[in-house]
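Accompanying notes for the structure given below.
Please treat every number below as a calculation from the coordinates, not as lab data. Just so it is clear, the structure is predicted and the values come from calculations on it, not from any experiment. Backbone-built Cβ (ideal geometry, glycine too); neighbour counts: all protein chains shown.
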Amino acid sequence: MSRFPMPAQTRRAFLASAAASTAGAVLPVLWRSPVHAAAPHEVQLRVAPGRTRLMPEPSGEIAAWCYGGTVPGPEIRVRQSERLRVVVENGLAEETTVHWHGVRVPHAMDGVPHLTQKPIGAGERFVYEFDAVDAGTFWYHPHQRSFEQVERGLYGPLIIEEREPAHVDRDVTWMLDDWRLTKSGAISEDFGNRHDIHHNGRVGNTVTINGRVPDTFAVRAGERIRLRLINAANARIFSPDFTDLQPIVIALDGQPVAPYPPDGGLVVLGPAMRADLILDMTGKPGRRVSIFDRFYEGLEYKLVDIAYSDTPLREGAPDWPLALPANPLLEPDLETASRNEVVFTGGMMGQMVAQGMGEIMGPGAPGGMTRDMNSMMGGGMMQMMNSSTAWFINGIAADQARHDMKPALTLARNKSHVIAMTNATAWHHPIHLHGHSFRVISRNGQPTRHREWQDTVLVSPREKVEIAFVADNPGDWMFHCHILEHQAGGMMAVFRVA
Ligand code: C2O
Ligand code: CU
């Protein structure tokens, strides 16, 4: 903790209150560094319409929205505990914001329109400035009408390097996305249509890595690569199959995890999720290996070919250590944690699942749960029939234009909390909490094997997932589905940490 000292101003306030209070008070987590000897790492980020080439030539460029003139936007890279300052200039004809997905920033820097800041109007500027508290793989994107703004190309990687990074030959970022293109190759303008909102979101027809339909990825035999996967798609879930390469997961959503080989070599990434993999290129020089994406049954497709050059880098794989140093996260205390139930309902086929869940939850459900759930679902279904909202968190669908809603939960600051989430829908939902990382502690009552820290957890249809964390970052924080059409259809709420 002392590695993340406070800024002068906060420190004065803290010392004053500490002096006034008795010993033994809980120390707050420190969000800002003190006097910064070095100037912050400054980045200019212009948001504007532009052009990008998704397909290799001779295909032409298409109209898109760009950060810094490109898709994805520029990779922002800083060292852990460095201070980052991003000057955002809005060249769009509409409002926008920038959210630093997964980065534990102070509330005012979180980029949520109306909730944490006034949206940045056309032609306006906004300066974001925060300390890179955690090392890891993060990304940035707008939080204003995200279902259209992200889909048009507004997203970019934010890499925070460990002070002692894992030793590898190459550090590579793959930002995955898919696009719904028309026959003429333009971005289809049917953003946020009712069908996408009520089903599994806007799944596109063209997959890109770093904004390009990939051809081959060139490697050398014996090379060790740290591959940072980021899912920037609105709705597509990716599950690349790295079987032959025996991938080792070293971090999820930026947070280190005890290194492990994923089941069957498959890395499942819902929208907004990240995974850092160590890949040892153990194939023969001159060979090719195909990476297939296998998430949707019957819809497997080749994501990319790995092409080995004729000259190996080394014989065999290096034996360098894999584990990453831990980030300064507070361990939740499950004994004293508050318990909170959250139920997701809605979507097409929701009623059927709702009834099914009622039966499933019946006998084993905590007291009052079944009745509460049924009434939530009943109310939700009525609301859905009568309006354009489609998804509900504890029976309430949010208005997507406003993020400043009444808190669904108030969590005591610096205390531990368990959130038990029940997915009473027929669909997957990647659920994201702002301002915090949480441990995923159980799925359907079974403790998770890796107790992974995440900021976005993929919840399967009918699944119950428990997360736990210390609510150490004060403010009103978004809690929402990261399928951006579900979010637009009401699947968001606010958790207050006070
Ligand atoms: Cu990636 Cu609420 O956002
Ligand atoms: Cu969802």
Do we have PHE130 as of a type in the set (A, V, I, L, M, F, W, C) and over 23 Å from GLY475 (Cα atoms) here? no
Would you pick out the residues in the stretch 194-207 that are within 16 Å of ligand 2 (Cβ to nearest atom), in a loop (DSSP other than H, G, I, E, B) and out of contact with any Asp or Glu (no Cβ under 7 Å at 6 or more places or on another chain)? HIS199, ASN200
Among (1) of a type in the set (D, E, K, R); (2) away from ligand 1 (no atom under 16 Å from the Cβ); (3) under 18 Å from VAL86 (Cα atoms), which single condition is ARG212 missing? (3)
Considering each of GLN117, GLN144 in turn, give the residue that is in contact with an Asp or Glu (Cβ under 9 Å, 6 or more places away or on another chain), within 22 Å of ALA398 (Cβ to Cβ) and surrounded by 23 or more Cβ atoms within 10 Å (Cβ to Cβ). GLN144
Would you confirm, using the coordinates I've provided, whether ILE230 is buried (at least 19 other Cβ atoms within 10 Å of the Cβ) and closer than 22 Å to VAL71 by Cβ? yes
For the stretch 194-208, what are the residues that are touching a residue at least 24 places away in the same chain (Cβ under 8 Å) and surrounded by fewer than 17 Cβ atoms within 10 Å (Cβ to Cβ)? ARG194, ASN205, THR206
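Residue by residue, here is whether (1) surrounded by fewer than 20 Cβ atoms within 10 Å (Cβ to Cβ); (2) touching a residue at least 24 places away in the same chain (Cβ under 8 Å); (3) assigned to a loop (DSSP other than H, G, I, E, B) holds:
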site: VAL168; (1), (2), (3): yes, yes, yes
site: MET175; (1), (2), (3): no, yes, no
site: ASP178; (1), (2), (3): no, yes, no
site: ASP190; (1), (2), (3): yes, no, yes
site: PRO214; (1), (2), (3): yes, yes, yes
site: ALA218; (1), (2), (3): yes, yes, no
site: ARG226; (1), (2), (3): no, yes, no
site: ASN234; (1), (2), (3): no, yes, yes
Kindly indicate whether any position in the stretch 419-436 is among the hydroxyl-bearing types (Ser, Thr, Tyr) and within 16 Å of ligand 1 (Cβ to nearest atom). no
Among the residues in the stretch 447-470, are any away from ligand 2 (no atom under 16 Å from the Cβ) and among the polar types (S, T, N, Q)? yes
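Table: residues versus (1) buried (at least 22 other Cβ atoms within 10 Å of the Cβ); (2) over 27 Å from ALA108 (Cα atoms); (3) touching a residue at least 60 places away in the same chain (Cβ under 8 Å).
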| site | (1), (2), (3) |
| --- | --- |
| ALA398 | yes, no, yes |
| ALA408 | no, no, yes |
| HIS432 | yes, no, yes |
| ASN444 | no, yes, no |
| THR456 | yes, no, yes |
| PRO461 | no, yes, yes |
| ASN473 | yes, no, yes |
| TRP477 | yes, no, yes |
| GLY489 | yes, no, yes |
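This table checks each residue for (1) surrounded by fewer than 23 Cβ atoms within 10 Å (Cβ to Cβ); (2) closer than 30 Å to ASP190 by Cβ.
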site: THR52; (1), (2): yes, yes
site: ILE62; (1), (2): yes, yes
site: GLY69; (1), (2): yes, yes
site: PRO106; (1), (2): yes, no
site: VAL127; (1), (2): yes, no
site: ALA132; (1), (2): no, no
site: GLU148; (1), (2): yes, yes
